[in-house]
């Protein structure tokens with residue numbers, strides 16, 4: 001089963017702002033640019049690589065459930081978590097750097113580790129994971145009851 005990743009408007013805005021600032025830097029007088037032509041080539045290379053990396057996160061952004069494990073795909077990043085190792089799930093707006101491209105996130109804890117992901121339907125993912133492993137705790141704000 002596949003759950004499509006959720007991408008917030010701020011993620012798109014961040015990519016656009018970064019590119020606008022880069023293009024704006026071309027309008028600066030040559031004497032105010034540091035690094036001369038080499039700096040310009042280096043900056044261009046960095047922005048292209050950054051756009052490719054961040055763009056891949058928009059294109060490849062989903063969670064796949066198979067018979068044994070949950071697999072998270074975000075761009076070139078792949079994370080696999082066996083269902084039997086998942087301890088708890090919690091909806092969160094935690095702003096920590098993560099695989100979630102939205103602040104509407106789901107925290108998955110397993111083996112003294114955790115990952116934050118963003119999918120379009122957190123409730124459906126939680127429900128399906130609990131079907132696959134009934135021992136998973138669903139942590140609600142302020143309590144530890146199953147949803």
In deg cm²/dmol, rounded to the nearest 500, the helical mean residue ellipticity at 222 nm of the chain, built from -39500 (n - 2.57) for every DSSP H run of length 4 or more, is -12000 deg cm²/dmol
Under the 0.36 nm per residue contour assumption, what length would be gained going from the current alpha-carbon distance of residue 68 and residue 21 to full extension? 12.4 nm
Dividing the mean separation of Cα pairs under 8 Å (6+ apart) by the residue count of the chain yields a relative contact order in percent of 23 percent
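Convert 4 °C to kelvin, take the viscosity as 1.567 mPa s, use the Kirkwood radius over C-alpha pairs of the range 8-91 as Rh, and evaluate the Stokes-Einstein diffusion coefficient in µm²/s, rounded to a whole number. Don't jump to the answer; show the numbers that get you there.
Values: Rh = 16.0 Å.
It diffuses with D of about 81 µm²/s by this estimate.
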In nm, to one decimal, how far is the modelled label at residue 112 from the one at residue 41, with both set 7 Å along Cα→Cβ? 4.8 nm
Return one number: the angle in degrees, 0 to 90 and rounded to the nearest 10, between the long axis of the Cα atoms of helix 9-25 and the longest principal axis of the Cα atoms of the chain. 10 degrees
Any idea how far apart residue 96 and residue 140 come out in nm if each label point goes 7 Å out from Cα toward Cβ? 2.4 nm
Computed log₁₀ I(q)/I(0) - Debye formula, equal Cα scatterers, no solvent, the chain, q 0.20 Å⁻¹: -1.17
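Between residue 58 and residue 77, what length comes free when the chain is fully extended (0.36 nm per residue of separation minus the Cα-Cα distance, one decimal in nm)?
5.6 nm
Coordinate-derived values only; no laboratory data. All of these numbers come straight from a predicted model, not from anything done at the bench. A quick note on method: Cβ atoms are made from the backbone with ideal geometry, for glycine too, and the neighbour counts reach across all protein chains shown.
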